[in-house]
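Student: One structure, as structure tokens, below. Some questions next.
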Amino acid sequence: MNDYKQTRFSKIILILCAVIFIHGTLTIPFIDDSALISTRAFQLFETLLMMLIIFIPMISNKVIQIKISPTMEITFVTFCFASLILGDVANFYSRFVWWDTILHAISGVLMGVVGYAIINTFNEIEENKLRYPPLFVVAWIICFSLAAGTLWEILEFVTDGLFGLNSQEFLASSGTFDTVHPRIGRDALWDTMVDLMLDFSGAIVIAILGYFDICRQKKDNIKEKSEI
């Protein structure tokens, strides 16, 4: 029986997001500027998305049967809160130019950890005769992290086009909702490429750690068989 319980931290974040959502919804009718209304509406969407994201670890444990530890849940919720709520709703992306860089560096590591957890789960199934070799695990972790990072950049590109945002910083400002003159040439690609390189760097770190962990598991398995 799965007795998974949501952490108190996640419940607190959920309540905080609910308060932000209710406050934003109640104040929209009093805004006259159409551009500000569009910005507020998108912030409300991100807040609602954050509220739904909080339940992903619970769904993962109870429905998909993938175990998520309390530490992993807190880390996951904290990162999403820092990106969606602090980054956009509280406008940290504009206030602190380094905020996006730090989050992408962390996301590369987190996605690498998720990728490793997935493939290691298959490696630990006793009935599974296929054991993924260390070098394959390295390639998988890197590809998984880069794929997740690429999907995120596609999402940013789409939302920038639909809502007139600046998530990819193609405008000469670091804020998601800032509207100034556009960058030209290579400068317009800078944010996207730096983000992907940070994802890659984080994945490399986890890939190296995963490589040695898989090698250790192989040695332990060989040792156990020789002792039987």
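The values are calculated or read from the model by the stated rules, or taken from the named source; none is laboratory data. Remember, predicted model here, so these are calculated numbers, not experimental data. Don't worry about glycine lacking a Cβ; one is built from the backbone with ideal geometry, like all the others, and counts go over all protein chains shown.
Student: When the residues of the range 114-145 are filtered to those that are part of a helix (DSSP H, G or I), out of contact with any helix residue (DSSP H, G or I) (no Cβ under 6 Å at 6 or more places or on another chain) and within 23 Å of SER60 (Cβ to Cβ), which remaining residue is modelled with the highest pLDDT?
Tutor: CYS143
Student: Still on this structure, I have one more. Working carefully through the options LEU86, LEU48, LEU26, LEU14, find the one that is closer than 20 Å to LEU162 by Cβ and hydrophobic (A, V, I, L, M, F, W, C). Spell out how you get there, then give the answer.
Tutor: Working: LEU86 fails: closer than 20 Å to LEU162 by Cβ; LEU26 fails: closer than 20 Å to LEU162 by Cβ; LEU14 fails: closer than 20 Å to LEU162 by Cβ.
Residue meeting the stated conditions: LEU48.
Student: Which of the residues spanning the range 183-208 are exposed (fewer than 14 other Cβ atoms within 10 Å of the Cβ) and at pLDDT 85 or above?
Tutor: Passing the criteria: MET193, ILE208.
Student: Let me ask something additional. Let me confirm something: among ASP33, ASP100, which residue is more than 24 Å from GLN6 (Cβ to Cβ) and not assigned by TED's automatic domain parsing to the domain that holds GLY115?
Tutor: On the way: ASP100 fails: not assigned by TED's automatic domain parsing to the domain that holds GLY115.
It is ASP33.
Student: Here is a further query. Have a look at PHE42, PHE55, PHE30 and point out the one that is within 25 Å of ASP195 (Cβ to Cβ) and among the aromatic types (Phe, Trp, Tyr). Quick ask: steps written out before the conclusion?
Tutor: Working: PHE55 fails: within 25 Å of ASP195 (Cβ to Cβ); PHE30 fails: within 25 Å of ASP195 (Cβ to Cβ).
Only one candidate passes the filter, namely PHE42.
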